[in-house]
């Protein structure tokens, strides 16, 4: 398959602001893709080579990529770098540099004989070369990478070079959501969206969209029946809804529930096979190397040969044993100095679910059976415990348990259904789990998570910098991001220097197809960065689209006097932002308190 066909699809995706059109473009692309390479097409479209959990990333530095571009085009590196400074986009730089054709005829004459003229790039060829680039390491690896990239660029058109260098430097950022790809696969190979739940289940269990695509393309929806839970392949995590009061929670859960402490840490999914342990983050990244002490704790305290458990990894004070806030745990997210970080920020594990043990898939079992299995295999210790849990049947008792959790240093509770249908809904957010946190007890006492979708240029001291960020909450029903606030407060001078650099890889020329906004930002971004904001209250707003029409036909919801908390939520994907439904529930609860 010619790589140019993939590039044509990328150009069409970039030019549309409509999600349905984006899906149609992908359907057409997938239908025209040979089954043997569709997995590679899916990975490349996601801007990667493998699923996240494999841990093989391209991430070539821009400087190295520009050097390869200089060699391939025979244009001095100073000129190439100057062009990059003007455009700010390595893809556009590649396109412009190669389209000049400066010295190309001389380059072709001296670098290769006529019979070795430029070859057409293929998906297979590009993928294999990029794989070699990603795996190159050790002495001489930099020169090898430059040689491989140069070879690709010499055989590419200027348009192909644009997307090649964006892919190589990790800045493809097409903004195509996994759910959009699943929709396109269902339409392309299974006759319509009706097959989407079956495809999604396979994806939820394997976390490998390319593999799912290949099976569907080769065998249709029937080929997905063999997908099962496998140690070493992360299961996409089940997510919780949120409600504002004990009464509402119990009513939603049938009058009784299991309430568990909600610890202020990083959620991890631990896969144990023999003495080996692999840890995956909420975003399915392999984070084993960040927490060697947590791996040792799982290995010694989970008494099963094979198991998959979920836990909250919490930083603790090495002197008092008390839990530390989430921000301190993030010091463990480093490539170097891990040994010292383990001493400075030791962790405890609070295990709260069991998804697999000794060959048994427990994801289809009710909560009570999973909890029983967990109790059988976990041997508690000073730094490993099963999460604190209690079956509760009345609102007063739930309120008291909530206060107890908060006094112990927790964020609140997660209330879980104990009904027969309380299965583990991999990859889904539903009413089987409901968060009960301090932030939903009053107006907006604690932060919410929002995704940055745009920015506005500043004035005065902030001239030439971003003065405010346009932020949105997530609507899972439409798979879109709806604006909720314009945040300009809470940023330190240091933050203001870092913000443009953090957001630079996500810049696009127009409002993204998955963003719904009545405001016109000066700069638009692909939804990718999540931050915490806090405000005084939630208000009706004619300017914002979050909850538009849900409470009043002409108004959405907004955060009044929003402020950045200083917390970048790198552990959360945009789809993990606070949802529109949660915001509406919080607003209604706020009204009840005011009326009371």
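Any read-out appearing in this document is the output of simple, stated calculations on the displayed coordinates, not a laboratory observation. Because the structure is predicted, anything quoted here is derived from the model rather than measured. Note that we place each Cβ from the backbone using ideal geometry, even for glycine, and neighbour counts take in every protein chain shown.
Computing semi-axes √(5λ) of the Cα gyration tensor in Å for the structure here picks out one of (1) 33, 28, 25; (2) 42, 29, 24; (3) 55, 36, 18, namely (2).
Report the antiparallel proportion of the DSSP beta bridges in the chain as a percent, rounded to a multiple of 5.
Values: 73 of 85 bridges.
Antiparallel bridges: around 85 percent, rounded to the nearest 5.
Our summary of shape: the Cα atoms of the range 448-595 have principal axis extents of 43, 30, 29 Å, ordered from largest down, in whole angstrom.
Packing here is the average count of other Cβ atoms within 10 Å per residue, and on that basis the peptides 495-504, 230-239, highest first, run 230-239, 495-504.
If R0 equals 30 Å, the separation of the Cβ atoms of residue 504 and residue 36 corresponds to a calculated FRET efficiency of about 0.25. Each of 45, 363, 16 has some number of other Cβ atoms within 10 Å of its Cβ, and from fewest to most they run 16, 363, 45. Net length available on complete extension from residue 331 to residue 399 is 21.2 nm, with 0.36 nm assigned per residue and the Cα-Cα distance removed. What separates the Cα centres of the range 19-48 and the range 349-372 is a distance of 35 Å.
Ordering 295, 354, 313 by the number of other Cβ atoms within 10 Å of each residue's own Cβ, fewest first, gives 295, 313, 354. This ranking places 474, 291 by how few other beta-carbon atoms lie within 10 Å of each, fewest first, which gives 291, 474. Computed from Cα atoms, the angle from the helix 395-407 axis to the main principal axis of the chain rounds to 60 degrees. The angle separating the long axis of helix 62-73 from the principal Cα axis of greatest extent in the chain is about 20 degrees. Evaluating kT/(6 pi eta Rh) at 37 °C and 0.692 mPa s, with the Kirkwood radius of the range 130-176 over Cα pairs in the Stokes-Einstein relation, gives 287 µm² s⁻¹. Angle check, please: helix 123-135 long axis (alpha carbons) against the longest principal axis of the chain (alpha carbons), in degrees 0 to 90, nearest 10. That works out to roughly 70 degrees.
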